[in-house]
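Notes follow the structure.
What follows draws every value from the coordinates through simple rules; no lab data is involved. Predicted model, so just to flag it, every value in this text is computed and none were measured.
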């Protein structure tokens, strides 16, 4: 049970949900790291330990792929108008997230990462009685290729392929 100030419930629910359903995984070993790496096939991608994602963003996927590119999937945790502070567009600075590495290419991919977003052909549904008067949802803008800033709108999940 949690008792919060009026309007603070969504922040508590989102934060607690992340802790319960996506807990941090800590791993320890008694071996020296060199010995362990020599006896295991290791692939690792790490973000800068001094960089913290904004509190309304979750890191869904950070995976090194066969071709040494990195799959990055980020999610905005809040709905529009759900929280006064956290239901806003947010920027993630890839240069700071991967400080010490030079990102040479960023491609935005489909959610499943099987095609580039620029090549996607979305289906358009004709719904009987739909006047099409609903506003388009707010989406984060294109990645700034020089500053390498990703913009996420509320409840948006974006997937990227990074090359270093």
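Take every Cα pair under 8 Å in segment 43-94 that's 6+ residues apart, average their separations, divide by the length, and report that relative contact order as a whole percent. Each step should come with its number before you reach the end.
Working: 54 pairs, mean separation 16.4, N = 52.
Over segment 43-94, the number comes to 32 percent.
Going by alpha carbons, how many degrees (0 to 90, nearest 10) lie between the helix axis of 9-21 and the longest principal axis of the chain?
40 degrees
What share of all Cα pairs of the chain, in percent, falls into each consecutive 10 Å distance bin?
8, 29, 32, 21, 8, 1, 0
Suppose a student asked you for the relative contact order of the chain, using Cα pairs under 8 Å spaced at least 6 residues apart; what percent would you report? If you can, show how the numbers build up before the last one.
Working: 216 pairs, mean separation 44.5, N = 164.
Worked out over the chain, it gives 27 percent.
Need the full-extension length gain, residue 145 to residue 40, defined as separation in residues times 0.36 nm minus the C-alpha distance. One decimal, nm.
Working: separation 105, 0.36 × 105 = 37.80 nm, distance 3.62 nm.
My answer for the length gained is 34.2 nm.
Against the globular-protein guess of 2.2 N^0.38 Å, express the Cα radius of gyration of segment 73-135 as a ratio, rounded to two decimals.
This ratio for segment 73-135 stands at 1.63.
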